[in-house]
Amino acid sequence: MTRRLNLSPAKLRTLELLSEAPAYRKRRTPRQADYTWVHENAKARSITQTLHQLFLDGLATVANDNRNQAVITEKGRETVRMRRQRSVGTF
């Protein structure tokens with residue numbers, strides 16, 4: 001049985017952004033935990049909270065070769081593809 005994800009509009013927007021390009025961790029101070037996630041095409045200054053939710057859902061992850069880069073997972077790509085199909089009415 002597959003678990004159906006409840007995706008908010010913010011999560012869907014962030015997934016769409018990640019399907020176009022990765023997000024980047026921007027450090028605010030030298031402290032390790034003081035950062036924010038940003039995306040060049042996001043209207044909001046920070047996508048940190050939404051991106052962390054996508055990490056927990058398995059829809060996004062940090063890149064293997066760059067821990068300061070967030071990318072969409074295969075599960076995330078499939079979710080975006082399914083949502084696009086549903087919005088145009090093809091099944």
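The values are calculated or read from the model by the stated rules, or taken from the named source; none is laboratory data. Keep in mind it's a predicted model, so treat the numbers as computed, not measured. Every residue, glycine among them, receives a Cβ derived from its backbone with ideal geometry; neighbour counts consider all protein chains shown.
Would you check if there is a residue in segment 36-46 being touching a helix residue (DSSP H, G or I) at 6+ places or on another chain (Cβ under 7 Å) and touching a residue at least 40 places away in the same chain (Cβ under 8 Å)? Step through it out loud before you land on a result.
Step one: filter segment 36-46 for residues touching a helix residue (DSSP H, G or I) at 6+ places or on another chain (Cβ under 7 Å), giving 36-37, 39, 41-42.
Next, only the ones that are touching a residue at least 40 places away in the same chain (Cβ under 8 Å) stay: none.
Within segment 36-46, not a single residue is touching a helix residue (DSSP H, G or I) at 6+ places or on another chain (Cβ under 7 Å) and touching a residue at least 40 places away in the same chain (Cβ under 8 Å).
For every residue, the table says whether it meets (1) out of contact with any Phe, Trp or Tyr (no Cβ under 8 Å at 6 or more places or on another chain); (2) modelled with pLDDT of 95 or more; (3) surrounded by 10 or more Cβ atoms within 10 Å (Cβ to Cβ); (4) assigned to a helix (DSSP H, G or I).
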residue: Met1; (1), (2), (3), (4): yes, no, no, no
residue: Pro30; (1), (2), (3), (4): yes, no, no, no
residue: Ala44; (1), (2), (3), (4): yes, no, yes, no
residue: Leu51; (1), (2), (3), (4): no, yes, yes, yes
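For segment 49-91, enumerate the residues that are without any contact (Cβ under 8 Å) to a residue 12 or more places away in the chain and of a type in the set (Gly, Ala, Ser).
Result: Ser87, Gly89.
Give the residue, chosen from Ala33, Ala21, that is in contact (Cβ under 8 Å) with a residue 12 or more places away in the chain and hydrophobic (A, V, I, L, M, F, W, C).
Only one candidate qualifies: Ala21.
Listed here are the residues, each with its yes/no results for (1) under 18 Å from Leu7 (Cα atoms); (2) at pLDDT 95 or above; (3) part of a loop (DSSP other than H, G, I, E, B); (4) aromatic (Phe, Trp, Tyr).
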position: Phe55; (1), (2), (3), (4): yes, yes, no, yes
position: Thr61; (1), (2), (3), (4): yes, yes, no, no
position: Gly76; (1), (2), (3), (4): yes, yes, no, no
position: Val80; (1), (2), (3), (4): yes, no, no, no
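Among the numbered criteria (1) out of contact with any strand residue (DSSP E or B) (no Cβ under 9 Å at 6 or more places or on another chain); (2) surrounded by 11 or more Cβ atoms within 10 Å (Cβ to Cβ), which one does Thr14 miss?
Unmet for Thr14, out of (1) out of contact with any strand residue (DSSP E or B) (no Cβ under 9 Å at 6 or more places or on another chain); (2) surrounded by 11 or more Cβ atoms within 10 Å (Cβ to Cβ): (1).
Taking segment 17-28, which residues are crowded, with 17+ Cβ neighbours inside 10 Å and not in a loop (DSSP other than H, G, I, E, B)? Step through it out loud before you land on a result.
Taking segment 17-28 as the starting set, the residues that turn out to be crowded, with 17+ Cβ neighbours inside 10 Å are 17-18, 22-23.
Leu17, Leu18, Ala23 - these are the residues of segment 17-28 that are crowded, with 17+ Cβ neighbours inside 10 Å and not in a loop (DSSP other than H, G, I, E, B).
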